[in-house]
Amino acid sequence: QKEVEQDPGPLSVPEGAIVSLNCTYSNSAFQYFMWYRQYSRKGPELLMYTYSSGNKEDGRFTAQVDKSSKYISLFIRDSQPSDSATYLCAMSVQNNDMRFGAGTRLTVKP
Amino acid sequence: GAGVSQSPSNKVTEKGKDVELRCDPISGHTALYWYRQSLGQGLEFLIYFQGNSAPDKSGLPSDRFSAERTGGSVSTLTIQRTQQEDSAVYLCASSLAFGADTQYFGPGTRLTVL
């Protein structure tokens, strides 16, 4: 079993839809949770960063962490074609030894 | 150019040849990380540097892989006697300090071993 599981998709939604991206994990010691966005042929860029459980909102993006279920989510409201990218979840125990999911490829159609 | 840069952006090589991949971190960043990204596999952590020191090399896939960092800045990842399974995108990231919350990634080097 992989430490971090993420459905690779692909996921295709119409513009304006709410997108839900998820990851599950097995290591209960993870306490730093991140979402990265990666455009084609570019390096990943940090989108959201959460420590421990709870919600964090930044504009159209909301990150949720449920440590009891070992489940994290990223919601994108009012999705735009420019949101089309691969979204990678990442998590770590000590904020340096990151473990990444496989990434979910998202396409938002105009 | 304030970001992390990597060179070359693409590298095609023949099986058995050695390759060297270069990473220029953001100026002032003391921590540097190497990852490998294979299709559908996500990012695989390879090695990190604190300054010029790499305390843990256990993430390197085999003894054909080595990395060094000089002057607390530029790092090179060397793959000797390349194999087809080494084909992947090799990503470098840097952060202000080891354990800092934000790692800034470079665009990667796409390695193809024929």
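Placing +1 on the Cβ of every Lys and Arg and -1 on the Cβ of every Asp and Glu, with no other charges, gives the protein assembly as shown a dipole of roughly 300 debye about its Cα centre. Averaged over the residues of peptide A:39-45, the number of Cβ atoms from other protein chains lying within 10 Å of each residue's Cβ is 6. What FRET efficiency would be calculated for the residue pair B:Asp56, A:Asp78, taking the C-beta separation as r and a Förster radius of 41 Å, to the nearest 0.05? For B:Asp56 and A:Asp78, the calculated efficiency is 0.45. Counting only DSSP beta bridges whose two residues both lie in chain A, roughly 90 percent are antiparallel. Distance from the alpha carbon centroid of region A:50-89 to that of region B:48-114 works out to 28 angstrom. Between A:Gln38, A:Gln80, A:Gln94, the Gaussian network model of chain A with springs among Cα atoms under 10 angstrom shows the greatest mean-square fluctuation at A:Gln94. Enter the mean number of other protein chain beta carbons within 10 Å of the beta carbon of each residue in B:103-112, as an integer. Counting Cβ atoms of other protein chains within 10 Å of each residue's Cβ and averaging gives 3. Total Lys pairs in the protein assembly as shown closer than 20 Å by alpha-carbon, pairs eight or more apart in sequence or interchain only? The number of close lysine pairs in the protein assembly as shown is 5. Neighbours of A:Gln1 by Cβ distance under 13 Å: Lys/Arg scored +1, Asp/Glu scored -1, total +1.
The numbers here are math on the coordinates, done by the rules we state, and not lab data. Source: prediction; values computed, not measured. Positions of Cβ are generated from backbone atoms using ideal geometry, with glycine treated the same way; all protein chains shown enter the neighbour counts.
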